[in-house]
Each structure stands twice: as structure tokens, then as C-alpha cells.
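Here is the structure we will look at, set down as C-alpha cells.
The values are calculated or read from the model by the stated rules, or taken from the named source; none is laboratory data. In this text, all values refer to a predicted model and were calculated from it rather than measured experimentally. Neighbour counts run over all protein chains shown; Cβ positions are idealised from the backbone, glycine included. When the accessible area is computed, the model is the full protein with side chains, heavy atoms only, and any ligands, DNA or RNA have been set aside. Shrake-Rupley method; radii C 1.70, N 1.55, O 1.52, S 1.80 Å.
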There are 2 protein chains.
Amino acid sequence: MTASHAVRGTDYHDSGLHHPDASKAQLVAEFSTFLPADAVLHTTEDLHPYECDGLSAFRHLPMMVVLPNTVEQVQQIMRICHREKVPVIARGSGTGLSGGVLPNEHSVLLSLAKFKKILDIDPLSRTARVQPGVRNLAISEAVAQHNLYYAPDPSSQIACSIGGNVAENSGGVHCLKYGLTVHNVLALKVVTVTGELVTIGSAALDSAGYDLLALMHGSEGMLGIIVEILVKLTPKPERAQVMLITFDDVAKAGEAVGTIISSGIIPGGLEMMDHLAIRAAEDFCKAGYPTDVEAILLCELDGTEAEVTEQLTQVKQLMAECGALEVRVAQNEAERALFWQGRKAAFPAVGRISPDYYCMDGTIPRRHLAEVLRRINALSAEYQLSIANVFHAGDGNLHPLIMYDANIEGELERTEELGGKILELCVEMGGTITGEHGVGVEKINQMCSQFQSAELLQFHAVKEAFDPLRLLNPGKAVPTLHRCAELGAMHIHHGQLPHADLPRF
Amino acid sequence: MTASHAVRGTDYHDSGLHHPDASKAQLVAEFSTFLPADAVLHTTEDLHPYECDGLSAFRHLPMMVVLPNTVEQVQQIMRICHREKVPVIARGSGTGLSGGVLPNEHSVLLSLAKFKKILDIDPLSRTARVQPGVRNLAISEAVAQHNLYYAPDPSSQIACSIGGNVAENSGGVHCLKYGLTVHNVLALKVVTVTGELVTIGSAALDSAGYDLLALMHGSEGMLGIIVEILVKLTPKPERAQVMLITFDDVAKAGEAVGTIISSGIIPGGLEMMDHLAIRAAEDFCKAGYPTDVEAILLCELDGTEAEVTEQLTQVKQLMAECGALEVRVAQNEAERALFWQGRKAAFPAVGRISPDYYCMDGTIPRRHLAEVLRRINALSAEYQLSIANVFHAGDGNLHPLIMYDANIEGELERTEELGGKILELCVEMGGTITGEHGVGVEKINQMCSQFQSAELLQFHAVKEAFDPLRLLNPGKAVPTLHRCAELGAMHIHHGQLPHADLPRF
């Protein structure tokens, strides 16, 4: 999605924040007492690279960018910003897809790009202690010598940072079997909004007290600044084998997913692509996908030699019963890589056949896969916008890619509306408006569909417990009740917002 | 542990609560307008069964007990108690081991014993929607026809309730492979302290907003009243095979655990018992354990036929390299059940050879298993109290059983002190003071060793976000800073508590 688009400025103004007490010049001067000149960016030219994340339709310059390289510096920055009531937006690699690090002119953008060290690898405990700016894939590369890897693998894993993965609770192709980020992190060091350093979680499997560790995951930088992460490592499976399974009907493919899962097999990855996505991927990278089918599944089985052999046989038989056209097992490691390459390149491949596309991210209970596909097709026809569907099918995480042309008047707006409808469909089916990309600014309106006022108030109360002045990443992830009321998504009793006596945040 | 013991009354008085506004008689009258007479208990005789949970050394009568059987009744009770500022302690089956539901005379005990319905079973999504009073094992029994089960299996699973499992984030023999309660629950319905009904989590694998679902797990009834639970179900493995592995040295057994895990095998269960525990168990239930060895491991492998066969061979070879005396694979299902029966009966077995025992629960990083065992032995000698060790070894969860005689002057006090030392040892090793039993009143002092003041303050702030009047289960799980300061476990700066301006709770 490359089109520029007006910033959702109201998110900030809604948030009830005052203008910061200190001027930009004062802050630059104070930060410069302990940060080198190239770690305090404040000219328009220097700020431009930070105006958006992967959701590039939304852009705005921050007041300034700071690039600390020690925990003490992060603490000092937070103490100053807290004293001056300056909002702070923490940023990793900026590969997020929901505008979670979208800046605004009143805020300091705190980049963790210099926190790139892998501090410790412990093969016996199967853990690594890393800084937040370490790239996801770099962890797996560093521990490969011990026959271990870090399991969650977002498509952006070559670039995205582990701190950002925690902030968004990222998933990936393997999260059905190996869990989301929250299931692969043991402990965090976090700098609070007041500049204190706290440890959350422990090296042991459980931790006393409230589960703040899980709470930090997916909190989108709104509860604290993550400065160190203890990740779990996973043994590399002895064998991994991928099969390409084709169908003449998308609904059949959806049912086949349910059949595999309810047989008790948990594949390492179970991905689905529909006709448009297949054609785009095949044109782009010649993965060997047949282009005359309606849907394919990529089913990867991993484990011991014997286990994989046994499950391959089982899955083949199940797929025959589900009416698959063909089941093709990758014959060697090169073909396996090729099968995956097509899937992993599906987004850019769609980008080649459409001027712009909008990648959605919602999750549904697996059992409704076939119905949701049917209804997405109907929405596509209604809005006259093509949709290529790429799914983490095994865990019900949908990535419909809406194709549009930002240069055609009104298409972006129609695309956004269609996207909203798809997310609301996920909610209607008992699912949620996010799988692994977070809410950010992108889906903040759909939060009003997902949650009741009592639930939103509870979120705001939790935020208040960490950040009573609402300085951390204001205006993201959790909508104000006021916003929801304006969208008509909240019941108004006697002309009043529920809990009208509570702050509107 | 059967000895009676003075209640830790100061926990309540420390909590800063005022006396409730309404008299007992007024509350009984008001509750009786919507609850039948046998659901409002208030005579001393009727209250006696509720004076303690599994930590029977601590006993106290509640002001009254209410037994609602609908969600609306729970809401109504909470609205009344909130209006009158009456503390409420929610109780499941009362099998907890840390005094998490210890009553006091100012509080209403809200029993969920009547919430016994399994509301819905969905084999395709592999979920069950259940009420909180349903017994853990009853879920597995109800879904067995679909070849599914509910994975977490605390030793008390025949009696403990699923709501209590969520409140304590219970584990069990299989949690190394299948996770704690938090990893097996998708959604909760919760009645808030003000009587509102909120839904937390969803039927999908991820959920937008802060992770309140994980936060509720292990929150010991201090954030809300759980009234409905959507649990994940797990396919029964095709085959499960247990092996009994014996050692002439406890440290060797500890190292063997690390060897199995770092080989990449994740056993369904990996349990360890030392000499004293083995002897007690064998005397009690003739499980076939050799009584002349220093330690045994029970290693259960589960999965497909082929996988289990392959892993059995691998583990046998690894154990030979680790210096095991003998590796005995259960020859049939009867022997498998017998091997497990010994382990599961270890606690009552120890109860037979000692007038009283105190079951500890701490977790350490697996790599320190051998050293921690050595130091527990040294503590045992120092305090002249025998300790039988039973471990969920695979996940580093220790259950040392301290044997004592409450009728001997001072032995209970020495036992409690020794228990505290063991928990502090867990913290020193980078572990935690709880594995699966919670903190309750039992380990509230050790929380001061585990956490810094900033971390404890964060816990209190989270509590405040759900329950600003601190009416839900007051005095449990999270100590006041004041308590920690009195224990000398907190650094005092300039004669002041850190954040002395904040309420002491």
C-alpha cells in the first residue's frame, strides 16, 4: 500500500493530551547533554524516514527522533519526557502494518534501532537474552550452531525487530504449532513511563504475581518501553516436509483444513491461497503452483523422521477424502524452499498486479473458514474490488489483500470501508479484528465493534495503571468511548455515554 | 498438613479496608430476597466447612457464604457488596494449597459450587464452554467420546474446579508439553467488582486489545469473578508410553532431565522423585519402584506410534549415557497406570510416614536442578527436618515435602521458615516462588524477595484498575510495601518507603 493519505489527526486530539510543557528546542538541548548529535534528530529532512511504518497510507512527522543506545539513556529520556509531559512513541524496525508507530508532531519518537546485541545464548536452558532492536531472523541465525531456532516467523522476519514482535505479539507461518510471540518469551526488562527499570517474568516457566508478561505482549508500546527480552528457543525438527494440495473449490480447501486439524495432526504450517493469490505468486516467482485451481493448501509437517513419514501418509489419505485434486510432496529441499517462496512472496506478488493493495488481518474460529470465504467473495463483488486471499489457515488467521488504485477517486475510501466490513465479519463469526498485525491506528474503529463499553473501560483502566498521563503512544490501539459513540457502535442510554463520569481519555 | 494454626490476620488489617457499611443481618436479608435459604449460609455451624482450603494450617470463618446458581445472581451479589463495600472471596472446590480462598470475618465467601454445567462441546473447533464449578476431570470425561481431553491435569483434578484452575493458573504432570491453564483457555466471562458482565478473549486464537485473558489467569480471584470458561481441547495421543529410570545419585537424575530436554524431545510428562519419596510411595501403593535407588525419573512419551517408538530408543540411549541404573518401559497399560499411581499418590504416601507435611511449590530454571537439590538437602540437615522431593522435573517445578510433627513445640514454625528458605533459593537461582499453587496467604512474604518495589507497585496499580476499593479477595497474593519493609526485604531510602506518597493498600 503505497498511497499517501491524510493522517488520522483526531486520534491524537481525542486523546485529551495537552501540549507538552517543554519546547522542541529545550528538549533537543536537554537530550543533547547525554546523547551524541546524531542520536537526536530534529530537522524535517532527518525526520522523514520516520514518518510512517509499513502502513504507509498514514504519514506524519514526529517532533523529533532520539536514538539511545543504553538502558540508562532510555531511562533518562523517559524521566525528561515524563517531567515535561511529552508523549513518547517507541519504534523498532518500523515494519508494522497497522500504524502502531505512526508519529505526530507533539511526540518524541524513541527508536530502539541501536539495541542490536544478542547478550547471551544458553543452549541448555534453550533461551537467548537479546536487545529489542535485534532482528527476528538474526536470533535464529545466531543459535543455529546449537541446532536451535526462534520459532515465531512473521513474513517480515528478515527486517522486523524482536521488540516490535513483542509489542505486536507477532505470529507467522509456524504459530499454529509453536505459538505466538507471547508463547516464546520468558521475561522482559521494561522502562516505565517514569523511567524506572522493571523485570517482568523470569527464567522459570511460571512467575508469581499478575501476568504482566502476557499483558506487555501486543500492548503496542502503550504500557512501557521494552529494553531486553529473554526468548525461548526451539530445537530444529529432524525433518520438515511440505506438501502442496490443490482444490477446485475454495470451500473444499477450507473444510480440508478442519479435517487435518480435527484428525489431531498439528502441522508446523498450514497455509491457504486462493486463485488470485496463486496466479500472482506463480507469475512472480515460478513456485510450481498450478494456476488452474481454485485454492491450494501448503501443509508442512515437522518432527522426527518416523513421525513425519506417518503423518504424510495420513494427510494424503485425508486429502483424498476431502476431494483434493492433487497432493504433491516436495521432492527435495530445493522444491520445499520453492513452495514456501511462492507463499512468502504472495504480498509483493499481488503488488505487481495491482497498483495498490491493502492487507487485512483478522482471525476467525477455524470452523467458519468456508463461510467466511464465501462472504468475502460476496463483499468483493459488492464493492467491485478484487480480493486475493492468503491465510494462515490452520489458526484461522485471514490476510485478504484488497486490490485498488489510489489514483482512482474514491477507491482508497471504498477499500477502507470494505476492509472494515471484513473485520466486522470476523467479529460476527466469533473471531477478532487482529491476528498478528495489531490495531494501531488502522483498526481503531473496529475495536468499537469488537468490544462493549465495559470492556473498553477496562482497557483504559489498565492503561492508566501503567501510564496515568497517557504519554506512551497516545491515540493507538484502544479507542475512546467518545469515538465509538460517534461511530454509532455503542449503545447510548438516556442520551449519555455509559460511565459518562469517567474520563474520555 | 493438618495442624491448626493462627490465622494471618494482619493480612486483612494491613489491607486498609474499612469495616463494611452493612451489618451481617442486613446482608443476609438482602441476599435472601433473590437467593433461596440454603444458598445464604451464616450460622457458625454452616460456615465451618468453608474455613480453609487445602492449606489447612490457616483457618478462619467468613462472615457468610452465598451460593448463587446464575450469572445474574452473581452480578446482583457483586452490586450489593460493592454498594456496601463488603469484601468478596470467590471459591471453587477449595482444593487450593496456598490459602487463596482463606476467609475472614468481614468478607462474603462467594461459592461457585453450583456452576456445574458443561454448556457446549465443539469437537471441530476443539473447544468446550463450561461453568467455573465444573471439575477439571469432568471436562475430559465429557469429551472422551470425541477422542479429546482437557490437557492440564493438577493432581487434584478429580476434585478441583476449572474456575479455580484459572484463578491459580494450575499446571500438572503434562504442562511441560501441553502448557499451563493459561495456554488452554480461549475466553472467559467475568463479573466485575461492580457487577458488570464482561467477555475476555475470544473463540479465535488471538484477541485485540490488552491481554486481559492471561492477566486473569493466576490472579487468585483479585480481579473479577469468573463465571464461564471456553477451554481448548487436545486430541488424545495415539500412544502414550511411560518409562521408569533409576539412578544412584540425585544429581545424575537432575542432569538426565537436562539431557532429555536439550535433545529436543518434549516428553508428555517428566517427573522425578528422590529416595524418601520413592520409599513412601512404594510402601503405600506397590507401584513397582525399586527402593534401593537414590532417584527415579518417570518419562512419558506420547504421540503417534512411530514417534513414540523412535523416541523410546533415543531416551534409552541417552539415559545409558547419563549413568542410569535401569530403564524399564511399562509393558502394558496396567503397568503404566501403576507407575503413575505411585507418583500421583506421593503426597498422601508421605502423609503416612510423617504426622504432618508441608508441600512447597517453586520453580527454577531446569539447568540448576542438580545444584538446587544439593542445597535443599543441606537445608534439610540444617533444620533437622526430612524432605521428600517430588518434581515436575521437565519444567523445573519443585514440590519438596517437608515432614514435621505439629505436636512438637516449634516444629511448624521451623517448617515454615525452612519452606521460606527453599522459596528464596528458587528466587536466587533465577526462578520463582510458585509453580502452580499460587501465592495466596502462604507465600505472601516471599513475594518481597521475588519483586522490587517498582514491580510490586505495578501489581497494585493493575489491581486498582479492576478493583479500586480492593474488595476482591483482600490481603492475598500481592504484599503491601509496608509488609515487605517490615520483613527487611526492601531497600529503604532515606528512612522512607519508596513511593511513600502512594497508598499502602
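For the structure I just gave you, tell me whether B:Y149 is modelled with pLDDT under 95 and not assigned by TED's automatic domain parsing to the domain that holds B:S98. So B:Y149 fails the test.
Scan the range B:149-162 residue by residue and report those that are free of Cβ contacts under 8 Å to residues at least 40 places away in the same chain and surrounded by fewer than 24 Cβ atoms within 10 Å (Cβ to Cβ).
B:D153, B:Q157, B:I158, listed by residue number.
Is it the case, given these coordinates, that B:P468 is at pLDDT 90 or above, within 13 Å of another protein chain (Cβ to nearest Cβ) and over 24 Å from the mean Cα position of the chain (by Cα)? Yes, satisfied.
Is there a residue in the range B:210-225 that is part of a loop (DSSP other than H, G, I, E, B), free of Cβ contacts under 8 Å to residues at least 12 places away in the same chain, at the interface with another protein chain (Cβ under 7 Å from one of its Cβ atoms) and not acidic (D, E)?
Checked against the condition, which is being part of a loop (DSSP other than H, G, I, E, B), free of Cβ contacts under 8 Å to residues at least 12 places away in the same chain, at the interface with another protein chain (Cβ under 7 Å from one of its Cβ atoms) and not acidic (D, E), the range B:210-225 yields at least one hit.
Of the strands (runs of 3 or more DSSP E) lying entirely inside the range A:249-353, those containing at least 2 residues that are open to solvent by 10 Å² or more (accessible area, probe 1.4 Å) span A:326-329.
For the range B:75-90, the count of residues that are open to solvent by less than 30 Å² (accessible area, probe 1.4 Å) and at pLDDT below 95 is zero. The residue pairs whose first member lies in the range B:354-380 and is more than 10 Å from B:L398 (Cβ to Cβ) and not assigned by TED's automatic domain parsing to the domain that holds B:Q450, whose second member is of a type in the set (F, W, Y) and open to solvent by less than 10 Å² (accessible area, probe 1.4 Å), and whose beta carbons are closer than 6 Å, counting only pairs six or more residues apart or on different chains, are B:D356/B:Y404. For the range B:177-186, a residue qualifies if it is more than 8 Å from chain A (Cβ to nearest Cβ) and part of a helix (DSSP H, G or I), and the qualifying residues are B:K177, B:Y178, B:T181, B:N184.
For B:A113, the requirement of being in contact with a helix residue (DSSP H, G or I) (Cβ under 6 Å, 6 or more places away or on another chain), assigned to a loop (DSSP other than H, G, I, E, B) and among the small types (G, A, S) is not met. Restricting attention to the range B:252-267, the residues that are over 12 Å from B:A393 (Cα atoms) and more than 11 Å from every other protein chain (Cβ to nearest Cβ) add up to 1. Counting only helices (runs of 4 or more DSSP H) that sit completely within the range A:24-108, those holding 1 or more residues that are outside the structural domain of A:G438 (by TED's automatic domain parsing), touching a Lys or Arg at 6+ places or on another chain (Cβ under 8 Å) and closer than 22 Å to A:K189 by Cβ correspond to A:71-84.
Here's a check for you: in the range A:354-367, which residue that is within 13 Å of chain B (Cβ to nearest Cβ) and not polar (S, T, N, Q) is surrounded by the most Cβ atoms within 10 Å (Cβ to Cβ)?
Out of the qualifying residues, it is A:G362.
Hey, can you tell me all the residues within the range B:416-460 that are more than 18 Å from B:L487 (Cα to Cα) and assigned by TED's automatic domain parsing to the domain that holds B:I387? Across the range B:416-460, the qualifying residues are B:C426, B:M429, B:G430, B:G431, B:T432, B:T434, B:G435, B:E436, B:H437, B:G438.
Looking across the range B:126-148, the residues that are open to solvent by 20 Å² or more (accessible area, probe 1.4 Å) and within 20 Å of A:T259 (Cα to Cα) come down to B:R126, B:A144, B:Q145, B:H146, B:N147. Residues that are modelled with pLDDT under 95, within 30 Å of A:H460 (Cβ to Cβ), assigned to a loop (DSSP other than H, G, I, E, B) and not assigned by TED's automatic domain parsing to the domain that holds B:A330 do occur in the range B:187-203.
With respect to the numbered conditions (1) in a helix (DSSP H, G or I); (2) out of contact with any strand residue (DSSP E or B) (no Cβ under 7 Å at 6 or more places or on another chain); (3) modelled with pLDDT of 55 or more, which one is the sole condition not fulfilled by B:D11? Every condition holds for B:D11 apart from (3). For the range B:283-308, taking the residues that are closer than 15 Å to B:E326 by Cβ and of a type in the set (D, E), the one that is farthest from the other protein chains (Cβ to nearest Cβ) is identified as B:D292. The numbered conditions (1) open to solvent by less than 10 Å² (accessible area, probe 1.4 Å); (2) modelled with pLDDT of 95 or more; (3) out of contact with any Ser or Thr (no Cβ under 7 Å at 6 or more places or on another chain) are all true for B:G171 except (2).
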